[in-house]
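Below is one structure, written out as structure tokens; comments come after it.
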Amino acid sequence: MPGPLKTEAVVLRSMRYGEADRILHVLTPRRGKLSAIAKGVRRVRSRFGGRLEPYVRVELLLHEGRSELLTVTGAQTLEAHARLRADGPSLDAAGRACDAVARLFDTGDPHPDVFNLLCHELALLDASAGDGAAEPAALQANQLAFRLKLLLAAGLAPHLATCASCGEREHLSGFSGAAGGVVCAACEAGAFALDEDAHAFMVQALGRPLAQAPRAGDRALRQADRAIVETAAHHAGVHLRDAVARVGSRSS
């Protein structure tokens, strides 16, 4: 119903609008993804200051009218995540995490588990920014583990225990986005090669807490990345960016 709405939120994206306003896309625990306008936020003397920047966790006071676009009337910072903002790779990882959430959960349906997962991911990135835990391989493993858990929350977790086509438990040598999981040698037409290390990484990433994302080699991580991207494309119609920017072509 129209009226005031108070909610915790993570700012997923912020876009300039008009001379001084911004349009925000935010994720909330009970209202899912919302869009709101923050009027005058780009003025020097705006009362909102930097509280509505992307990746900030805030408590918002919104006015809900007849339009789908709500109006921000108040904001209080809960977590600014200042460390990740000063670290390029961590900031990039935060952007990719929020982008993945926005693409996979682009509705107003409540997903409190996804909201909590994103808050945890941003806190981990903030805590590791600027130290060894933010090295490229660790960041990539973290992002892939995060995305696998997003797929799980969306009901799209890849089938990893047996062949997704025939149920075979042995000789699982490929991955098929269309089939939704690993496939055996007899069913691998249209699949790409999935090494044992990549398979093991995906199984462990789904089974462990996000803070304990397993490590893996570059080839295994690239294969896991491709498996996630193809699963989202085939079963949700969603194109996910690569988990972490990298130079060179993607391996099979």
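Values in this text are rule-based calculations from the coordinates and carry no lab data. Computed from a predicted model, the values in this text were never measured in an experiment. Heads up, the Cβs are rebuilt from the backbone with ideal geometry, glycines too, and the neighbour counts pull from every protein chain shown.
Here are some notes:
- Point-to-point label distance, ASP197-ALA127, nm (Cα→Cβ direction, 7 Å offset): 2.7 nm
- When each of LEU122, LEU210 is scored by the number of other beta-carbon atoms lying within 10 Å, the sequence from fewest to most is LEU210, LEU122.
- In the chain, helical runs assigned H by DSSP with n ≥ 4 each contribute -39500 (n - 2.57); averaged across all residues and rounded to the nearest 500, the mean residue ellipticity at 222 nm is -11000 deg cm²/dmol.
- Selection from ALA86, ALA198, THR231, by position along the positive dipole direction of the chain (Cβ): ALA86
- Equivalent ellipsoid semi-axes - Cα gyration tensor, the stretch 19-87, angstrom: 20, 16, 10
- Fully extended contour minus Cα-Cα distance, from ASN116 to ARG169, at 0.36 nm per residue: 15.7 nm
- Cα-based Rg of the chain normalised by 2.2 N^0.38 Å, two decimals: 1.10
- The slack between ASP99 and THR77, meaning 0.36 nm per residue of separation minus the straight C-alpha distance, is 5.8 nm.
- Packing around the peptides 66-74, 223-231, taken as the average count of other Cβ atoms within 10 Å per residue, puts them in this order, highest first: 223-231, 66-74.
- In range of the label at ALA233: residues from the stretch 169-186 whose backbone nitrogen is under 19 Å from the point 7 Å along Cα→Cβ: 174-183
- With eigenvalues of the C-alpha gyration tensor scaled by 5 and rooted, the stretch 135-236, Å: 21, 14, 12
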